[in-house]
Every structure is written in C-alpha cells, then in structure tokens.
1. Output the peptides 137-149, 36-48 sorted from most to least packed, where packing is the average of other Cβ atoms within 10 Å over each peptide's residues.
2. Can you order the peptides 60-68, 26-34 by their average number of other Cβ atoms within 10 Å per residue, highest first?
3. Below 8 Å, C-alpha to C-alpha, sequence gap of six or more: please give me the relative contact order for the chain in percent.
4. Along each of its three principal axes, how wide is the spread of alpha-carbon positions in the stretch 21-87, in whole angstrom units, largest first?
5. Hey, any idea what Rg/Rh is for the stretch 100-169, computing Rh the Kirkwood way over Cα pairs?
6. Roughly speaking, what is the stretch gain from residue 35 to residue 113, that is 0.36 nm per residue apart minus the C-alpha to C-alpha distance, in nm to one decimal?
7. Before rounding to the nearest 500, sum -39500 (n - 2.57) across all DSSP H runs of length at least 4 in the chain and divide by the residue total; then give [θ] at 222 nm in deg cm²/dmol.
8. Among 192, 153, 123, which one moves the most in a GNM of the chain with springs linking Cα atoms closer than 10 Å?
C-alpha cells in the first residue's frame, strides 16, 4: 500500500504486521481523497486517519498474543505524531481485550513512564478499587489528592461512602457538580442539623 504510506504517512510496518486487511487501507485512502477534494475540515491532519486505524485494531480484535502487543507498541513508536501515538498507547491500556497478566506487564513497560500514561494507570487502579463495598480512607485520600472530578462523582454515588467522606466532598469537592451531588445525598435535614450543632458549639 504505497499510496497509504505516501499520502497518509502509514509506516511500512503497518502492512507487515497484517493487523488490518489491505481493503481497510484502500477504503481509508478513498475517504481521505474525497475529504481532500471536498476540502473537509481535518483532511490535512493525516494522524486522524492513522489514529482511526489504531482504534479499528482494538475494535476488530478480541485479544492479543504477546507478540501482537509488541507490534502495536512498535507502530506507536514509529508514528511521526507523538501526541496521537501517546493516545493510541493509552487506548491499549484501557482495552478490555488484555489479559490481567498482559495489563500488569504493560504498566511496567518503558512506553508507559510518561505522566499521561501513569495517569491512565492510576485511574484504572482507582476504578478497580471503587468496586469494593466500602471506601477506605486511603482510597478516598488518593482520589481527593488528584482532584479528579469523574472519580469524585463516583465516590459520591458509591453505596459504601461514609457520612464523613460525603461531608468532605460537599465542602471541598472538585467542581460544583460534585459538591451539589454530595449535598443532595446528605439531605437538607442532615445539613440543617449539622449547622445547628456547629452554631451551638460556637455559642458556648
């Protein structure tokens, strides 16, 4: 697929790994040429088309052999767009087709020492820890330290969160949405009684 390499900047290794059939690249090249002819927004960004190829791999495969993981990461390393390649590596970490052992190996791989990758790994660990019946103070503090709104919303919704933890999120949650969710879960009666108690203490 010389044309795909020249026009969309696919490295020749793409066609050696045989992740995707030549029909896919021909179709993608046809869409690129049509976008270019119609002057559609983004046609100049060839990395968008290559990223679609990475995403298609993860959609079409249900699992990888260890060799295929190495090949996927190699294609990321060979890509000329650093930011897109980083996103493709992150997608692999989030992919459900990885075995537990493969995922653990990836977390120690040199490709995942970047701040972005470590953030993805940390968030994965937090989501897994949130499956527990209760919220440990260690887990609560770890999520709070990163001011991650999505994870804080999951904390508020967790059936095992304590009243004390909800109060912290009500007062110090990252973003208005988190604070409002915590307030609604605590309830007006609780907040009113808490305020009355605090006023009584201050008036002593």
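Only the coordinates and a few stated rules stand behind these numbers; no lab work does. Values in this document were obtained by computation on a predicted structure and should not be read as measured data. Cβ atoms come from the backbone with ideal geometry, glycine included; neighbour counts cover every protein chain shown.
1. Values: 137-149: 14.8, 36-48: 12.2.
Top of the packing list down: 137-149, 36-48.
2. Details: 60-68: 12.0, 26-34: 14.6.
My ranking of the peptides, most packed first, is 26-34, 60-68.
3. Details: 141 pairs, mean separation 23.9, N = 204.
Computed value for the chain: 12 percent relative contact order.
4. 41, 26, 15
5. Values: Rg = 13.6 Å, Rh = 13.1 Å.
Checking Rg against Rh, the ratio lands at 1.03.
6. On the way: separation 78, 0.36 × 78 = 28.08 nm, distance 3.64 nm.
That works out to 24.4 nm of additional length.
7. On the way: 13 runs with 147 residues, N = 204.
Theoretical 222 nm ellipticity from helices: -22000 deg cm²/dmol.
8. 192
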